[in-house]
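So the structure is just underneath, and the comments pick up after that.
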Amino acid sequence: MIADKTTKGRKQMSKRFAILGLVAASLIWSAGPAAAESKTYTYGQWLPPKHNVNIYGLAPMIKELGTEVPWKLVTGGQLFSAKSTLKSVGNRTAEAGLVVPSYARTSLKHAYIIADMLMLGENELVMNAAALDTYFFDCPECMNDYKRNGSIYIAGYGVGGYSLLCRQDVRKLSDAKGLKMRTTGALGRWARAIGGTPISMTMGDVPEAIKRGQIDCIVGPVAWLKSYPIADSIKSILNFNFGSYSGLGLMIMNRKAWDEYSDSQKRRLWSVLPATTARAMIDGYVGDDLRSRALAKKMGIPVSPADPAIIAAWKTHKKSEVATVIRNAKKLKVKNPEKIVNAMLRNIDKWTKIIADSGLNNIIAAAGPAKGQLAGATAAYTKLIQDNIYSKIDPTKL
């Protein structure tokens, strides 16, 4: 009898332990996704901490995502350089970074075509939207470039308003003849077209180079006067306002890191990308353009509009650019680059109309440098990108 009770007690105890084991196992299983969700990813970047892309684009994005999709931003090239970003994101030195296709043209030979069309556009908002449209809907080869490098392209931005920011007095085309000009990609062709000598270097090296006279001018946006520590070295700005570098990889993620996200996390990150792009471009670059002009006036730096000679030079230069872009792509062994070029040209026309019809250009024209004056433009551009591009894509299927 005692033995029977003992046996019965052991069975009951074993049953209790079995139930407790199942409960514990279920708790461990349910903790798994929570633990994954709380993992903080790193965005490694080479721009200075106070660059407008960081202040207006990425930092607010990270704050908005919060603990649901946590990120930290490491700036100033602490983890890797501009040129090594693609490789470093691919090997997961950081989970994401900012990729300039010009610095990785052999690895991104299809995606680089979009960037190489820089001098065919004027409005950076048009060119950026056209680039996003082309990447996501018309150029699987572009997306595969990133995939082959262990990454995924999920957001981009564009830079425009190109000018000559010089350490001497340059107010018209003839003043620029023979000067050493910092360029990248297609801007090198433009520098030669206006009689300059193109010097390729990353923006991290530019402030010291312009200070020491290793270069005479920077071919870049007026906004860079505020974004980089160059104001003390610049003595004049020739604001021709041609060209827009589009296809910059604002959010290039490590592919495995992206795949680790749950569907809800992917959708959450996806939902903030249009606003991140719009803030970086409008609050950041357009805003810094306005602030830079005010700074130039305060420092006595003349900002000269394009003279007739440089306008004529641009119109002539554009005529051969499509053929040059196609020829460059074929040198990189791209098959049928015409398909990508033609898709981008169609999307430029499409987005020129979309943005003109939206009234966005008028909102920007009426804005000033004061904080908050560009909020309406940022909201409008966010909605255009969301409605015409991001809402049409299921991020869980990428």
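The values are calculated or read from the model by the stated rules, or taken from the named source; none is laboratory data. Worth saying up front: this structure is predicted, and the values here are computed from it rather than measured. Cβ atoms come from the backbone with ideal geometry, glycine included; neighbour counts cover every protein chain shown. Calculation scope for accessible area: heavy atoms of the full protein, side chains included, ligands and nucleic acids excluded. Shrake-Rupley method; radii C 1.70, N 1.55, O 1.52, S 1.80 Å.
Structure above, values below:
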quantity	calculated
The one condition in (1) farther than 23 Å from Cys166 by Cα; (2) open to solvent by 20 Å² or more (accessible area, probe 1.4 Å); (3) within 22 Å of the chain's Cα centre (by Cα); (4) among the hydrophobic types (A, V, I, L, M, F, W, C) that Ile326 fails to fulfil	(3)
Count - residues of segment 264-287 that are open to solvent by less than 10 Å² (accessible area, probe 1.4 Å) and in contact with a helix residue (DSSP H, G or I) (Cβ under 6 Å, 6 or more places away or on another chain)	7
Enumeration of residues in segment 62-73 that are without any contact (Cβ under 8 Å) to a residue 40 or more places away in the chain and either open to solvent by 30 Å² or more (accessible area, probe 1.4 Å) or out of contact with any Ser or Thr (no Cβ under 7 Å at 6 or more places or on another chain) (or both)	Ile62, Lys63, Gly66, Thr67, Lys72, Leu73
Where Phe137 falls short, out of the listed (1) closer than 28 Å to Ala294 by Cβ; (2) surrounded by fewer than 17 Cβ atoms within 10 Å (Cβ to Cβ)	(1)
Residue in segment 186-200 that is among the polar types (S, T, N, Q) and modelled with pLDDT of 95 or more present	yes
First in segment 163-186 and free of Cβ contacts under 8 Å to residues at least 24 places away in the same chain and farther than 21 Å from Asp232 by Cα, second anywhere and assigned to a loop (DSSP other than H, G, I, E, B) and not hydrophobic (A, V, I, L, M, F, W, C), Cβ under 9 Å, 6 or more apart	Lys177/Gly195; Lys177/Gly196; Gly178/Gly195; Gly178/Gly196; Gly178/Asp216
Enumerated strands (runs of 3 or more DSSP E) restricted to segment 34-136, each holding at least 3 residues that are under 27 Å from Ser163 (Cα atoms)	96-99
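This table checks each residue for (1) buried (at least 18 other Cβ atoms within 10 Å of the Cβ); (2) over 30 Å from Val170 (Cβ atoms).
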| residue | (1), (2) |
| --- | --- |
| Ala294 | no, no |
| Val303 | no, no |
| Ile311 | no, no |
| Val341 | yes, yes |
| Asn361 | no, no |
| Lys371 | no, yes |
| Ser391 | no, yes |
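To keep it simple, each residue is scored yes or no on (1) over 18 Å from Arg182 (Cβ atoms); (2) of a type in the set (Val, Ile, Thr).
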{"position": "Ile215", "(1), (2)": "no, yes"}
{"position": "Gly220", "(1), (2)": "no, no"}
{"position": "Asp232", "(1), (2)": "no, no"}
{"position": "Lys256", "(1), (2)": "yes, no"}
{"position": "Tyr261", "(1), (2)": "yes, no"}
{"position": "Ile282", "(1), (2)": "yes, yes"}
